[in-house]
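Worksheet: one structure, shown below.
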Amino acid sequence: MLTFAYALLFYIAAAVLVGGLAFRIWEYATTPAPLKIPTTPAPRTRSGVVVRLGREVVLFESLFKANKWTWLFGWAFHAALLVVLLRHLRYFTRPVWELVVLIQPFGVYAGFAMVAGLLGLWGRRLLVPRVRYISAPSDHLMLALLVGIALSGLLMRFVAHTDIVAVKSFFLGLMYFDWQPLPPDPVLLVHLGLVAALMIVFPYSKLLHAPGLFFSPTRNQVDNPRERRHLAHWARELEAGRS
Ligand code: HEM
């Protein structure tokens, strides 16, 4: 019964995550950008834009310029999340990839770094009056969800161990439609329940800023309005219709 409930939950969560993300990305991609508005100084070539976006993705450059504390906690959280997620790939592939094996020892430190980063970001929302004023309940909820996932994960790692071989069989079974029993450990069930909740809210939450970055006109436009006239897709069609 438990296995069935969690199997169903993860199929639904995966469908909502993939379908929802695809829909939101389609929405972003088809939203017109009628004006040329790159934040200057901006690159004047396509490859320059790629480098700029790359710096944004890897280093969070504009956040660094805006606020050093937010950058420190935000960057630490995201870097740690990447390591944690890479470490988790061992539950989904057989054999486990070389890189995922190499990263295993760092995954645990990353778990702590993730919590530290999240608590820093949460502290900012609670302690800085200007940020507290603009913080909506959903901002706190997202942080609580991520902290809950990380803490339940660390609890499993250090206190209430679970049978990770069985966890892997369960997830491989989900992927190959050959269902295997899920260990009924309460902390694991909490961890997985929160992960499923995260997958379901992700496409409708502020966490969408991850794919959204690539569609941000202030970051992805080339600074070449003098060389090339900027025309939104619909404006081009309108103009073609008139002439
Ligand atoms: C379906 C997906 C997931 C499964 C099956 C899963 C399973 C697990 C298990 C079994 C552990 C304990 C590891 C051990 O005892 O060695 C763990 C730890 C952990 N999990 Fe997850 N988890 C999932 C998704 C996530 C996500 C999305 C996050 C972060 C947002 C996360 C964050 C953590 C952290 C921080 C730890 C502790 C550090 C570590 O062992 O890597 N988990 N997870």
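The values are calculated or read from the model by the stated rules, or taken from the named source; none is laboratory data. Quick caveat, the model's predicted, so the values are computed rather than measured. All Cβ positions, even for glycine, are placed from backbone atoms using ideal geometry, and neighbour counts span all protein chains on display. Surface areas here come from the heavy atoms of the whole protein model, side chains and all, with no ligands, DNA or RNA. Shrake-Rupley method; radii C 1.70, N 1.55, O 1.52, S 1.80 Å.
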Failed item, numbered, when residue 69 is tested on (1) open to solvent by less than 60 Å² (accessible area, probe 1.4 Å); (2) in contact with a Gly (Cβ under 8 Å, 6 or more places away or on another chain):
(1)
Which of (1) within 15 Å of the ligand (Cβ to nearest atom); (2) more than 30 Å from residue 61 (Cβ to Cβ); (3) not basic (Lys, Arg) does residue 201 not meet, given it meets every other one?
(2)
For residues that are hydrophobic (A, V, I, L, M, F, W, C), under 21 Å from the mean Cα position of the chain (by Cα) and buried (at least 16 other Cβ atoms within 10 Å of the Cβ), tally how many sit in the range 23-63.
3
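Okay, residues lined up against (1) within 23 Å of the chain's Cα centre (by Cα); (2) over 26 Å from residue 203 (Cα atoms); (3) within 10 Å of the ligand (Cβ to nearest atom); (4) crowded, with 16+ Cβ neighbours inside 10 Å:
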{"position": "93", "(1), (2), (3), (4)": "yes, no, no, no"}
{"position": "101", "(1), (2), (3), (4)": "yes, yes, no, no"}
{"position": "104", "(1), (2), (3), (4)": "yes, yes, yes, no"}
{"position": "124", "(1), (2), (3), (4)": "yes, no, no, yes"}
{"position": "138", "(1), (2), (3), (4)": "yes, no, no, no"}
{"position": "152", "(1), (2), (3), (4)": "yes, no, yes, yes"}
{"position": "158", "(1), (2), (3), (4)": "no, yes, yes, no"}
{"position": "181", "(1), (2), (3), (4)": "no, yes, no, no"}
{"position": "185", "(1), (2), (3), (4)": "no, yes, yes, yes"}
Taking the stated definitions as given, is residue 219 more than 11 Å from the ligand (Cβ to nearest atom), of a type in the set (D, E, K, R) and touching a residue at least 40 places away in the same chain (Cβ under 8 Å)?
yes
Given the structure, is residue 194 open to solvent by less than 40 Å² (accessible area, probe 1.4 Å), in contact (Cβ under 8 Å) with a residue 24 or more places away in the chain and aliphatic (A, V, I, L, M)?
no
